[in-house]
Structure formats: C-alpha cells, structure tokens
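Here's the structure, in structure tokens; my notes come after.
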Amino acid sequence: QVQLVESGGGLVQAGGSLRLSCAASRRIDSPNVVGWYRQAPGKQRELVATVTSSRRTSYADSVTGRFTISRDNAKNTVALQMNSLKPEDTAVYYCYAGVLSSAYWGQGTQVTVSS
C-alpha cells in the first residue's frame, strides 16, 4: 500500500499562484506514473497533469502553459506549480500514483480561485 498526502491548497485571487505537493509514504516501484487530477462541484474528476518514472509529462489542454508538474524521486514527492490561476481552476485536487495494476489516491486538497 502507498499513502499519498497532499498539501498546499487554499484560496487565491485570479492571476495568482499556488504550489501543491504530494508526499508518498514509501518509494513507488517503477515503471509508474504520478500526477494530479481535480474535481469541481457537479463535474467528473479530470486529469490535470502527470509525469512518468521516465519523466515524460502530460497536461490537460486547459492548464498547458500555466501549470508545471515535477517529481523528486529521492523524497518520494510530486509537486504541481500553478500560475495564472483562473476561477475555473477551482476544484478539489487529488494526487494520484499508478503502478502496474494498482492505483492510489490522496484525500484531496481544496483550491479556490476568486474572481
């Protein structure tokens, strides 16, 4: 089992920045993919950004150019730097880790962007 704990959410004005961090309870076996999903009220959970163990990144079109995902394998962490935030980025952000047939999720952290 892998426990994922997110931090860094909060309230920010439009145009501002936030940095989310996710810490895993142990090293995740390779190959793997870690990343962030989000779920806004009344909407389905959607992919925000992922990074593989070979450091290949993928972003949702809506965040490309504004968000940057990074991982630190030595610390078992993954971060999401969010810049130029918009009200439509408001959601609960979930950390995700996938390895082989297993998927792990964090509890989520709220991000609220005011206009």
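The values are calculated or read from the model by the stated rules, or taken from the named source; none is laboratory data. What you see is a predicted model; the values in this text were computed from it and never measured. No Cβ is skipped: glycine too gets one built from the backbone with ideal geometry, and neighbour counts run over all protein chains shown. In case anyone asks, the SASA skips ligands and DNA or RNA and just uses the protein heavy atoms, side chains included. Shrake-Rupley method; radii C 1.70, N 1.55, O 1.52, S 1.80 Å.
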> How about the range 63-82: which of its residues are on the phi < 0 side of the Ramachandran plot and open to solvent by 60 Å² or more (accessible area, probe 1.4 Å)?
Replying inline: Thr64, Thr68, Asn73, Ala74, Lys75
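If we scan the range 46-59, do we find a residue that is in a loop (DSSP other than H, G, I, E, B) and crowded, with 17+ Cβ neighbours inside 10 Å?
So the first thing to find is which residues in the range 46-59 are in a loop (DSSP other than H, G, I, E, B), and the list is 53-56.
Then drop every residue that is not crowded, with 17+ Cβ neighbours inside 10 Å, which leaves none.
Looking through the range 46-59, none of the residues is in a loop (DSSP other than H, G, I, E, B) and crowded, with 17+ Cβ neighbours inside 10 Å.
Are any residues in the range 15-29 without any contact (Cβ under 8 Å) to a residue 60 or more places away in the chain and open to solvent by 80 Å² or more (accessible area, probe 1.4 Å), and if so, which ones?
The answer is Arg26, Arg27.
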> Restricting attention to the range 83-114, which residues are of a type in the set (Ser, Thr, Tyr), loosely packed, with under 13 Cβ neighbours inside 10 Å and either at pLDDT 95 or above or touching a Cys at 6+ places or on another chain (Cβ under 7 Å) (or both)?
Replying inline: Ser114
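Looking at this structure, is Val12 open to solvent by less than 80 Å² (accessible area, probe 1.4 Å) and under 12 Å from the mean Cα position of the chain (by Cα)?
So Val12 fails the test.
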